[in-house]
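One structure is given below, encoded as structure tokens.
The values are calculated or read from the model by the stated rules, or taken from the named source; none is laboratory data. The structure presented is a predicted model; accordingly, all values stated were derived computationally and were not measured. Positions of Cβ are backbone-derived with ideal geometry, glycine not excepted, and every protein chain shown enters the neighbour counts.
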Amino acid sequence: MNILFLTDNFPPEVNAPSSRTFEHAREWVRSGHSVTVVTCAPNFPEGRLFAGYKNALYATEVMEGIKVVRVWSYISANQGFLKRSLDYASFMVSATLASPWTGRADIVVATSPQFFTVVAGYIVSRLRRRPFVFELRDLWPESIKVVGAMNDGRALRTLERLELFLYRRAARIISVTNAFKADLISRGIDGGKIDVVTNGADLSRFSPMAKDAELLKSLHLERTFIAGYVGTHGMAHALDTLLDAAALLKARGNHTARILLLGSGAQKATLKERAATDGLDNVVFIDTVPKHEVARYWSLLDASIIHLKKTPLFTTVIPSKLFECMAMGIPVIHGVAGESAEIVRRTGCGLEVEPQNAVAIADAIETLQNDPAQRALLAAAGTAGAREYERSKLAERMLSLLRQTAEDGGKLRERSR
């Protein structure tokens with residue numbers, strides 16, 4: 001089977017969409033299939049080209065058997081609604097124009113969270129008369145309204161109509177959570193064409209490992225208890241709550257606990273400025289690291305903090321970093337309600353806290369800091385639970401759905417009208 005996959009994030013970028021797409025595509029190639037990924041020059045999240053890349057009209061490379069086609073886009077940091085919209089729209093146009101020249105395709109897949117990429121996928125599928133699969137990673141545009149990036153109004157309602165149009169036209173929708181599936185069904189989308197393939201972890205890369213002594217020394221973190229957040233520093237993550245927790249720990253006289261924040265994003269500069277102003281020397285900021293270095297930094301953590309803004313929408317998401325924490329055997333302090341919290345409860349891999357509750361986070365950090373036996377139990381539960389979310393198995397399930405869609409494409413297209 002020849003799979004054409006459209007995504008605006010791909011390695012060497014290290015966010016969740018790029019990792020999922022790469023790891024799935026790599027497994028499909030290993031299974032004997034041809035995969036072409038259309039993406040842009042790597043620049044997320046700081047809006048700067050990665051070393052060795054140019055923002056060319058059309059460039060190709062091969063990554064572990066995956067043909068990668070990179071097209072031009074307007075590059076912007078992940079901040080400012082207008083600039084981000086230009087970024088998304090330019091990639092939509094470039095990907096649409098380039099896709100007919102990428103070789104044979106039996107199926108066209110496009111992934112959210114922003115669905116201008118999915119618009120391109122739909123158009124390309126019509127031009128090439130191939131089934132269109134919508135990989136649903138986020139309920140966009142609802143998510144941009146929730147974080148305050150866009151006000152409710154005519155423009156948002158137009159985007160919501162486009163969203164529903166794409167759901168209806170897709171031959172199949174592959175959702176990353178059951179809650180997303182339920183939401184679509186409640187809005188009239190045929191549940192028979194929606195399947196769930198959650199995120200997971202590459203267990204060949206993420207597994208329990210000793211703390212990296214060299215990193216500990218270079219960061220001056222020896223003999224400290226490290227609770228860390230790894231990921232995008234955006235409006236959705238409400239990371240000011242972690243700074244509030246750090247202030248509480250300091251006020252309590254806890255001199256050995258540290259909160260580590262690794263990553264980049266629109267809110268990082270503001271967070272660093274506040275930490276400096278408030279004298280929060282128990283907060284350590286680290287910029288985004290290359291993909292092959294991520295596990296080394298995970299190894300430093302005695303506990304991982306997963307956190308999102310307190311809003312009903314985010315009860316429907318499952319942060320992909322949860323599965324990497326589980327695979328690494330790192331106890332989780334989980335500040336996200338809903339479906340992901342149910343995974344934490346079911347597997348027993350961590351402690352649940354209320355989102356945007358700094359007291360609860362500080363308490364959880366000290367609970368784990370003072371109870372090594374409990375940390376060991378949570379770590380063991382996490383590694384055991386991670387086997388259910390092994391990326392290779394999830395990739396195989398998604399491949400089966402794509403194969404079925406390609407074989408039954410005509411019938412599914414009729415159902416999607």
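Counted as qualifying within the range 48-145 are the strands (runs of 3 or more DSSP E) with 2 or more residues that are among the charged types (D, E, K, R), namely 66-71. Please indicate, with yes or no, whether at least one residue in the range 280-297 is assigned by TED's automatic domain parsing to the domain that holds residue 321, surrounded by 22 or more Cβ atoms within 10 Å (Cβ to Cβ) and either in a loop (DSSP other than H, G, I, E, B) or at pLDDT 95 or above (or both). Yes: the range 280-297 contains one or more residues that are assigned by TED's automatic domain parsing to the domain that holds residue 321, surrounded by 22 or more Cβ atoms within 10 Å (Cβ to Cβ) and either in a loop (DSSP other than H, G, I, E, B) or at pLDDT 95 or above (or both). Answer yes or no: is there a residue in the range 27-40 that is assigned to a loop (DSSP other than H, G, I, E, B) and either within 16 Å of residue 94 (Cβ to Cβ) or in the same structural domain as residue 324 (by TED's automatic domain parsing) (or both). No, the range 27-40 has no match at all. Here residue 243 fulfils each of the conditions (1) assigned to a loop (DSSP other than H, G, I, E, B); (2) modelled with pLDDT of 95 or more apart from (1).
Number of residues in the range 325-350 that are closer than 21 Å to residue 297 by Cα, without any contact (Cβ under 8 Å) to a residue 60 or more places away in the chain and either surrounded by fewer than 20 Cβ atoms within 10 Å (Cβ to Cβ) or over 18 Å from the mean Cα position of the chain (by Cα) (or both): the value is 4.
The number of residues in the range 214-240 that are within 23 Å of the chain's Cα centre (by Cα) and either assigned to a helix (DSSP H, G or I) or outside the structural domain of residue 297 (by TED's automatic domain parsing) (or both) comes to 4. Every condition in (1) surrounded by fewer than 20 Cβ atoms within 10 Å (Cβ to Cβ); (2) under 19 Å from the mean Cα position of the chain (by Cα) holds for residue 32 except the one numbered (2).
When residue 356 is tested against (1) polar (S, T, N, Q); (2) crowded, with 22+ Cβ neighbours inside 10 Å; (3) more than 24 Å from residue 28 (Cα to Cα), only condition (2) is not met.
Of the residues that sit in the range 183-193 and are in contact (Cβ under 8 Å) with a residue 60 or more places away in the chain and surrounded by 12 or more Cβ atoms within 10 Å (Cβ to Cβ), which one is nearest to residue 395 (Cα to Cα)? Restricting to residues being in contact (Cβ under 8 Å) with a residue 60 or more places away in the chain and surrounded by 12 or more Cβ atoms within 10 Å (Cβ to Cβ), the top hit is 193.
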